[in-house]
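Have a look at the structure below before the remarks.
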Amino acid sequence: MSLITPDFGLIVWMTLIFGIVFFILAKWGFPMITDSVAKRADRINDSIRMAKEAEERLKNLAEEQNKLIEQTKAEQSRILKKAAESRDAMIENAKAQAHDEAAKILAKAQTEISAEKESALRDIRRQVALLSVGVAEKVLRKELSDENEQRELVNKFVDEMTSADKELLKN
Amino acid sequence: MKKLLTLILAILLPMTALPAQDAAADSAAGTSFDMNEYLYGHVRDAYEWHITTVDGKAISIPLPVIVRSKATGWHIFSSKRLEDREYEGFYVAPQSSKYADKVVERGADGTEVRPLDFSVTKNVCGLLINSALLLFIVLGTAKWYRKHDAVEEVPKGGVGLMEMLVSAIEDDVIKESVGEEYKKYSPYLLTAFFFIFLNNLMGIVPFFPGGANVTGNIAVTFVLAMFTFFIVNVFGNKQYWKDILWPEVPTWLKVPVPLMPAIEIIGIFTKPFSLMVRLFANMLAGHFMILGVVAVIFLTAHMGAALNAGLGIVSVLLGVFMDCLELLVAFIQAYVFTMLSAVFIGLSRPKPETDKTTK
């Protein structure tokens, strides 16, 4: 049999055999294998993608956490500052109030003191007046025994009075 | 890896010796060593499957001869009946005839007439055995996926090896060369690859059920190339035919003499032709090389023991090398056939848009 002339019988057999093998393998052989492998490849790719996403999310979470901590810190310092401010204000307020109160008390005390002083002075004056009236009585009683002296005294008083009036007028 | 190498060598070493034993038996029968008969006898198709010759007596597996004579109709008989004689008017034509080594019928006027010959020859038998083996391997692999959840499990052993090969061919060859619509063509290309690969491998095995020079037979590669030819041209899209009949070249190349279309049309046929010849020639040459190296032993048989032994050792070592090379070639040729088929299919489905953008 020549090597380079295709034999008709063999061509027919080969077509038949290869056709059948192709049909069987294309129906039940290779698609099963390739599909399964493709499915697994998809699964692996999905897994990798999901892992990446999870990593990303974790990173975001950490960032969010940091942000939250920073926010909290800011809030904390703000509250502390406010507290200090209000404390200072309160102290200031209290001080002012205390001052006012003290001033009021002082003023009251002063008025009371002056009132006391007034009444004390009035008392003293009365006593002095009584005393001087008494003294004057005693003095008068002794002096009026003499007529001249009485006249003299009256004159003297009158003079005094007039001078006092004049002074009053002058003023 | 080392284990694998040892295994390969363990298989190959006896292989190289077997044709030797075969031929040695021939020469022991007293006949002088016939190089032509030795070489062609091992690579050509035959009506029986010759295994070895012991004491000048050929031991072979008889195969059915199926012929249809124009005069007497269908005849089916064992090839044993054709050994050195005529049976029902049929006989194997002598070397001098133009139908040398083929079954012919003696016509009424004494001339040789070639009947329609559908005999299950050595190659057909080899094809059947190899195809059964291929079906067993691939369907066995597919069965694993049917029984297991491939998403959760990864196969080991033989199934794992098949998965690796299938994935490698699909990902590196088919997807790359065919393009987006690769899924439709993937079963054919994978079948072609494993069919050729397995037949190539079985061709290297020197004894039954291997040793039939299937992929080194032009009828077999012709059918494979024709499959690719039909798939390329039947499923080729509009753009493909436009590129052939009215390609984007200066008008004077198309009218009045359709130079480019003519070249393109010839190209339709040269592509599968090259596929056919490449596989056929490579496998045939591989067989010839191994046989030639082994033949050194018999050619030097009468040149004295020392020379024969020395060259015998060289021949065995070279034979081992050639067999290893053939293992590589078996894979490469299957790979190349698949890749080129995939490329031709990819070329038959060009995208019209890309053409317009480049213009």
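Pairing residues of the range B:299-325 that are in the same structural domain as B:Phe288 (by TED's automatic domain parsing) and over 17 Å from B:His287 (Cβ atoms) with residues that are at pLDDT 90 or above and aliphatic (A, V, I, L, M), at Cβ distances under 6 Å and at least 6 apart in sequence or on separate chains, gives B:Thr300/B:Leu311. Under the condition of being surrounded by fewer than 20 Cβ atoms within 10 Å (Cβ to Cβ) and within 7 Å of another protein chain (Cβ to nearest Cβ), the residues counted in the range B:146-161 number 2. Looking only at residues of the range B:115-145 that are among the charged types (D, E, K, R) and surrounded by 17 or more Cβ atoms within 10 Å (Cβ to Cβ), we find that the one that is nearest to the other protein chains (Cβ to nearest Cβ) is B:Asp117. Of all residues assigned to the range B:272-281, at least one qualifies as being in a helix (DSSP H, G or I), charged (D, E, K, R) and surrounded by fewer than 21 Cβ atoms within 10 Å (Cβ to Cβ).
Going by what's in this entry, would B:Thr215 be described as touching a residue at least 40 places away in the same chain (Cβ under 8 Å) and not in a helix (DSSP H, G or I)? Answer is yes for this residue. When B:Val154 is tested against (1) in contact with a Cys (Cβ under 9 Å, 6 or more places away or on another chain); (2) more than 24 Å from B:Asp45 (Cβ to Cβ), only condition (1) is not met. Considering the range B:103-114, the residues that are surrounded by 13 or more Cβ atoms within 10 Å (Cβ to Cβ) and in a loop (DSSP other than H, G, I, E, B) include one that is farthest from the other protein chains (Cβ to nearest Cβ), namely B:Gly107. Considering (1) within 13 Å of chain A (Cβ to nearest Cβ); (2) out of contact with any Leu (no Cβ under 8 Å at 6 or more places or on another chain); (3) crowded, with 17+ Cβ neighbours inside 10 Å, the lone condition that B:Ala100 does not fulfil carries the number (3).
Among residues belonging to the range A:1-40 that are assigned to a loop (DSSP other than H, G, I, E, B) and more than 7 Å from chain B (Cβ to nearest Cβ), point out the one that is surrounded by the most Cβ atoms within 10 Å (Cβ to Cβ).
A:Ser2
The sole residue among B:Pro261, B:Pro209, B:Pro247 that is over 21 Å from the mean Cα position of the chain (by Cα), assigned to a loop (DSSP other than H, G, I, E, B) and in the same structural domain as B:Arg146 (by TED's automatic domain parsing) is B:Pro247. Evaluating B:Trp74 against the criteria (1) in contact with a helix residue (DSSP H, G or I) (Cβ under 7 Å, 6 or more places away or on another chain); (2) closer than 26 Å to B:Ala212 by Cβ leaves one unmet condition, (1).
For every residue, the table says whether it meets (1) over 19 Å from B:Leu39 (Cβ atoms); (2) surrounded by fewer than 23 Cβ atoms within 10 Å (Cβ to Cβ); (3) facing chain A (nearest Cβ under 9 Å).
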position	(1), (2), (3)
B:Leu190	yes, no, yes
B:Met202	yes, yes, no
B:Phe207	no, yes, no
B:Ala212	no, no, no
B:Thr221	yes, no, yes
B:Met226	yes, yes, yes
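State which residue is surrounded by the fewest Cβ atoms within 10 Å (Cβ to Cβ) when the search covers only the range B:84-95 and only residues that are in contact (Cβ under 8 Å) with a residue 12 or more places away in the chain and part of a loop (DSSP other than H, G, I, E, B). Restricting to residues being in contact (Cβ under 8 Å) with a residue 12 or more places away in the chain and part of a loop (DSSP other than H, G, I, E, B), the top hit is B:Glu86.
Residues in the range B:165-219 that are among the β-branched types (Val, Ile, Thr) and in contact with a helix residue (DSSP H, G or I) (Cβ under 6 Å, 6 or more places away or on another chain): B:Val166, B:Ile169, B:Val173, B:Ile174, B:Val178, B:Thr191, B:Ile196, B:Ile204, B:Val214, B:Thr215, B:Ile218.
Scanning the range B:43-77 for residues that are within 13 Å of another protein chain (Cβ to nearest Cβ) and touching a Phe, Trp or Tyr at 6+ places or on another chain (Cβ under 8 Å) yields B:Val43, B:Leu63, B:Pro64, B:Val65, B:Ile66, B:Val67, B:Arg68.
The values are calculated or read from the model by the stated rules, or taken from the named source; none is laboratory data. These numbers were taken from a predicted model, which means no experiment stands behind them. Note: ideal-geometry Cβ built from the backbone for every residue, glycine included; neighbour counts use all protein chains shown.
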